[in-house]
Number of protein chains: 2
Amino acid sequence: MFASRYLRQSLTQHTRRFNSTLAGLDASKVKVTKSQALKPLVANKDLLFGHTFTDHMITADWNEQEGWLAPEIRPYGNLSLAPSAVVFHYASECFEGMKAYKDKKGNTRLFRPDMNMARMNRSTARIALPQFEGDELIKLIKEYAKLDDRWIPNDRGYSLYLRPTMIGTQEALGVNAPSNAKLFVIGCPVGPYYKTGFAAVKLMATTEYVRAWPRGTGDAKIGGNYAPGLLPQRMAAKAGYQQNLWLFGDDHQLTEVGTMNLFILWKNESNELELVTPPLDGSILPGVTRDSILSLARGWNEFKVTERKMTMPQLRDAIKQDRVVEMFGAGTACIVSPIKTIEYLGEDLSIPLDPKDPTSQAGPYTRRFNDEIMDIQYGDKESDWSVVI
Amino acid sequence: MFASRYLRQSLTQHTRRFNSTLAGLDASKVKVTKSQALKPLVANKDLLFGHTFTDHMITADWNEQEGWLAPEIRPYGNLSLAPSAVVFHYASECFEGMKAYKDKKGNTRLFRPDMNMARMNRSTARIALPQFEGDELIKLIKEYAKLDDRWIPNDRGYSLYLRPTMIGTQEALGVNAPSNAKLFVIGCPVGPYYKTGFAAVKLMATTEYVRAWPRGTGDAKIGGNYAPGLLPQRMAAKAGYQQNLWLFGDDHQLTEVGTMNLFILWKNESNELELVTPPLDGSILPGVTRDSILSLARGWNEFKVTERKMTMPQLRDAIKQDRVVEMFGAGTACIVSPIKTIEYLGEDLSIPLDPKDPTSQAGPYTRRFNDEIMDIQYGDKESDWSVVI
């Protein structure tokens, strides 16, 4: 009885704004105001992730009386918000990371944008921000990308990183579901994550802090999941490791690496070659790259592909028995991030990269995932995942 | 070895900004700009929590090159921030709640402000925001309270709610410790939480969501702890309950109630009268009111006072055996919030209020805690906890 009541409430909760008479997000109502002072482009070689923004941005305001007001594409600029706005106090905020790519014909492409829209609506539902029509936001992003076309770099490896964000803007200190919200999208041209090819990373396993837990918010892309990761990240950096490795539970289950999903290619307990990633149990972010890698690997059908829990002691044993083949993080920023070392309880454990090339910074499977995904993103390989604007 | 390395790093981490040559927060450098258009006061009867703000606010900016710049007291007004500011994306934000009270002589008083400053510095450390000199912020708050003195209501039960807040303002999308931050304090006159005396609340025990976790952030007053609570709160409200009761673990340990700490006065397993509150194990917010209640109760020495875990099944059994005497939430907004009902797994459990007065909305001990704390806050009883401005 309790479960059914919960489910009923939950569904009502998550969909009430679609069922209501409130206005939905409508790209056809967009008001476009072009910037009168276009900024100089930044040379590809000078691009630093997340520091350079294009000339325009998308904004749309929502309130609980009217729903979504007409969206705008307008010059990139500051937001003016009351110091009492709930986003400053209660972390009423969620976001997405996605990219626009130039193919060889000069077309602009998005990579699985429907996945980002669906996840963002799950994130907003989890923190009582409003739902929005994902297809309409994709239309707005397409129009924005056309307007700021000159900011989308041409070279393979370069792209326009897009950051859809929703924040609660109600001006009141009570801890309540926000009556007002703002959706915005900003974009920044970015270069390849590794400018000189792959650079395998060293991880420090974090045993003092946990990122997420069952029935928490680890599967939602909300701001509150990120600030608490800065301290373990900085502790890792000070000790000479590029990222931290998040563990969970007394048995030290592997969960995520920094802000990425985690993959292990190993010979399992039955000596089968197996690609393992932690399962979507509610505490793992359902990454678009994660999903793409699983799908590609299942399509290859060359080894077992499993979403399952694995503990750090199990991994340590496998490393010491030379059963680990490759490990990598996966996310939109880097696609894959090869891992060469994990520090765990004071011990540095070495992960193989390429057995045939001691100078290589990535294993052959890690490279292959990277290259196949890039081929799709840049339109060199036809796929439903790549959406031409 | 691992533990000692962690402790060393942690200490370095948390104090590096005090050990450095960066400028500290310095109230003597304050620049005061008075508002040229004072707002009309709002009548006490019309005050709604967190909606009315005074004429001025405190702001201070920090950057990692210089440290704290000169603070300002300036007209209350919007913050202008880049849409890339980290506070909008990664919940780089933490806050405090405290109040200024008028005593019968017309003095303004703060209640244990050192506790708020210490906790805020623990919160900033946990999310890689800068440390600040708490004594200096108290000086700034005193100056601000003098300037906006007309906004501090005179009547007992009324006060000026103060909201110190720190946000990360760096304009960059990389997930890194912010290079820039802003501290601000806003104030709003507020009335008694219960305008017509106490109103006991009905709670719904939340079994689908978990607020905090060991080695998480439940003991820090950071924004990210609050947005995820809105959904369970709204589910409770829709089912006719004023607040949700947070549980933890498969055994359903009691943790917090809504955004308050939880107290149970009961006859324990040995038939001793005992005041119980969940222990500060890292997942419970160390409330100033919580600490004050424990201290008062220990001073009374009339019953056992214990910080320990208690499960919902234990509480249910005690309720059914008529061993529960009173229950209440505790926090700055309400001081105490008497509890009359808890819904747990489909069953409404009734908690006694006042056995001698069936019309009463609070038990005698709950009232006594409330009255003794108010006596101190309003200067009717001398105490080191009350600081005259």
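So the values come out like this:
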item	result
Solvent accessible area, Å² - A:Arg316, 1.4 Å probe, full protein context	60
Potential lengthening between A:Asp281 and A:Asp103 on full extension [0.36 nm per residue; Cα-Cα distance subtracted]	60.5 nm
At 7 Å out from Cα toward Cβ: B:Arg308 inter-copy label distances (nm, ascending)	4.2
B:Leu38, B:Leu353, A:Leu25, ranked by accessible area, largest first (probe 1.4 Å)	B:Leu38, B:Leu353, A:Leu25
Summed buried accessible area for B+A [probe radius 1.4 Å, Å², rounded to 100]	7000
Separation between Cα centres of the stretch B:119-152 and the stretch A:258-322, rounded to whole Å	47
Surrounding net charge for A:Lys202, when Lys and Arg each add one and Asp and Glu each subtract one, Cβ distance under 12 Å	-1
Selection from B:Leu137, B:Asn154, B:Tyr90 lying farthest towards where the dipole of the stretch B:22-190 points positive, charges on Cβ	B:Asn154
Rg ratio (alpha-carbon, reference 2.2 N^0.38 Å) - the stretch B:22-190	1.05
At 7 Å out from Cα toward Cβ: B:Leu38 inter-copy label distances (nm, ascending)	5.3
Relative contact order of the stretch A:22-190, pairs being alpha-carbon contacts under 8 Å that are 6 or more residues apart, as %	33
Furthest towards positive pole of dipole, A:Pro355, A:Gly249, A:Phe328, structure part the stretch A:201-382, Cβ charges	A:Gly249
Calculated from backbone phi, Karplus (6.51, -1.76, 1.60) coupling profile of the stretch B:356-364 in Hz, x at Gly/Pro	8, 9, x, 8, 6, 9, 7, x, x
Partners for B:Lys39 among lysines (Cα-Cα distance below 17 Å; same-chain residues under 8 apart left out)	B:Lys146
Zone residues, the stretch B:102-138, relative to B:Ser28, backbone N less than 13 Å from point 7 Å out along Cα-to-Cβ	B:136
Inter-copy label distances at B:Leu280 (7 Å, Cα→Cβ; nm, one decimal)	4.1
Delta accessible area of at least 50 Å² on complex formation, residues of the stretch A:59-88, 1.4 Å probe, chain isolated as reference	A:Asn78, A:Leu79, A:Pro83, A:Phe88
Amide H partners (placed H, <5 Å) of B:Glu256, local residues excluded	B:Trp246
Alpha-carbon radius of gyration plus Dmax, which is the widest Cα pair, for the stretch A:274-389 in Å	15.3, 50
Distant-in-sequence amide H partners of A:Leu79 (H built 1.01 Å from N, under 5 Å)	B:Leu81, B:Ala82
Buried on assembly, the stretch B:229-267 (at least 40 Å² less accessible surface than by itself, 1.4 Å probe)	B:Leu230, B:Leu231, B:Arg234, B:Met235, B:Lys238
Tail fraction, Cα-Cα pairs, the stretch A:106-240, threshold 24 Å, whole percent	50
Total charge dipole magnitude, the stretch A:22-190, about the Cα centre, Cβ charges on Lys, Arg, Asp, Glu only, Debye to nearest 20	780
Within the accessible area of the protein assembly as shown (1.4 Å probe), percent carbon and sulfur	49
Innermost chain A residue relative to the axis carrying A onto B, by Cβ distance in angstrom	A:Gly224, 1
Point-charge dipole on Cβ atoms (K/R +1, D/E -1) for the stretch A:69-143, about Cα centre, debye to 20	460
Accessible-area order (highest first, 1.4 angstrom probe) of the listed residues B:Arg112, A:Arg215, B:Arg156	A:Arg215, B:Arg156, B:Arg112
Å² per residue, accessible surface of chain B at 1.4 Å	38
Charge dipole (debye, nearest 20) of the protein assembly as shown; +1 at Cβ of Lys and Arg, -1 at Cβ of Asp and Glu	1060
Antiparallel DSSP beta bridges within chain A, percent to nearest 5	80
Stokes-Einstein D in µm²/s, Kirkwood radius over Cα pairs - the protein assembly as shown at 10 °C with 1.306 mPa s viscosity	57
Lysines whose Cα lies under 16 Å from that of B:Lys104, excluding same-chain neighbours fewer than 8 positions away	B:Lys381
³J(HN,Hα) computed for each position of the stretch A:98-108 - Karplus, 6.51 cos²θ - 1.76 cosθ + 1.60, integer Hz, glycine/proline x	8, 9, 10, 10, 9, 8, 5, 8, x, 6, 9
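The values are calculated or read from the model by the stated rules, or taken from the named source; none is laboratory data. Keep in mind that this is a model prediction, so the values were computed, not measured. Ideal geometry is used to build each Cβ from the backbone, glycine not excepted, and the neighbour counts take in all protein chains shown. Surface accessibility is based on the protein's heavy atoms, side chains included, excluding ligands, DNA and RNA. Shrake-Rupley method; radii C 1.70, N 1.55, O 1.52, S 1.80 Å.
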